[in-house]
Each structure stands twice: as structure tokens, then as C-alpha cells.
1. Per residue of the chain, what 222 nm ellipticity follows from adding -39500 (n - 2.57) for every DSSP H run with n ≥ 4, rounded to the nearest 500?
2. Could you calculate the contour length gain from D7 to Y73, that is, 0.36 nm times the residue separation minus the distance between their Cα atoms, to one decimal place in nm?
3. With a/c under 1.5 counting as rounded, go ahead and sort the chain into rounded, prolate or oblate using the C-alpha gyration tensor (a ≥ b ≥ c being the square roots of the eigenvalues; past the cut-off, prolate if a/b is larger than b/c, else oblate).
4. For R97, what charge total do you get from the other residues with a beta carbon under 11 Å from its beta carbon, if Lys and Arg give +1 and Asp and Glu give -1?
5. To the nearest 20 debye, what is the magnitude of the charge dipole of the range 3-101 about its Cα centre, counting +1 on the Cβ of each Lys and Arg and -1 on the Cβ of each Asp and Glu?
6. Once amide H atoms are built 1.01 Å from N in the peptide plane, which residues 5 or more positions from Q39, or in another chain, come under 5 Å H to H?
7. Can you tell me how much longer the chain between E92 and K17 gets when fully stretched, taken as 0.36 nm per residue apart minus their C-alpha distance, in nm with one decimal?
8. Sequence neighbours fewer than 8 away in the same chain don't count; with that in mind, list the lysines whose C-alpha is under 22 Å from K50.
Amino acid sequence: MSRHMIDGRAFETKNAKEVFDEQTWHDGHNSISHATGSQWEHETLYLSRKDQWYIVHTSQWQGSSDTARCVGYDEAAQWMFQNKYDLDDMPEGLRERAESNCE
């Protein structure tokens, strides 16, 4: 687990209330991230103890550093749809927001 500083606030991934891993697909040779479109770069969506959504971006490239950024409910829902999560897989507050944005 790791600590990330975002806008002067510390986020500890081990303290997250919810954790959603990216989904992948196999291109015949490699597992490709739905979140990034890459076999080398990955994302995980977290919900902090204080109900802030954030995404941690990691890379397998040598010399790269993990990054993190806060996202709102709409972007968190979009990330989950992009990663093939169903509405039933989403936490209630996020599911309600996602349903209101579905056509």
C-alpha cells in the first residue's frame, strides 16, 4: 500500500473504504488495461475514509513514479464503466450518480 499527496492532503491506500482494480483484456499476447489502453500502465480507483474518490496511476516503465489525482463522482462512475463494471458493482452513492447519467 502507499501514500499519495494530492493538493496538500495525504491519501493512504491501505485506509481506503473501497478499492476497484482496473479490468484487463488479452490481445493474444499481453493483458491490456481498459483504464489506460496499455500493458505497462495501470490504474486503481479508491474511495477514501472521508468519501473522496481518487485514482492511482502506476507504470512498469523503469524510472517512472506513481501518481494520484482526486476525481469527482461523475469521473469515478465513468472510470468504472470504462473498466466494465456493472451498476450493481458500484457503491450506492456512485451507482445513483451513474444511473442519473445513463440514457
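1. -5500 deg cm²/dmol
2. The span from D7 to Y73 would gain 22.0 nm if fully extended.
3. Since a/c reaches 1.5 but b/c is at least a/b, the shape of the chain is classed as oblate.
4. Surrounding charge for R97 is -4.
5. Rounded to the nearest 20 debye, it is 440 debye.
6. Under 5 Å from the amide H of Q39: S33.
7. Taking 0.36 nm per residue and subtracting the Cα distance, the gain is 25.7 nm.
8. Partners found: K14, K17.
A short reminder: the numbers here are calculations on the coordinates, not readings from a lab. Since we're looking at a predicted model, the values are computed, not measured. All Cβ positions, glycine included, derive from the backbone under ideal geometry; neighbour counts span all protein chains shown.
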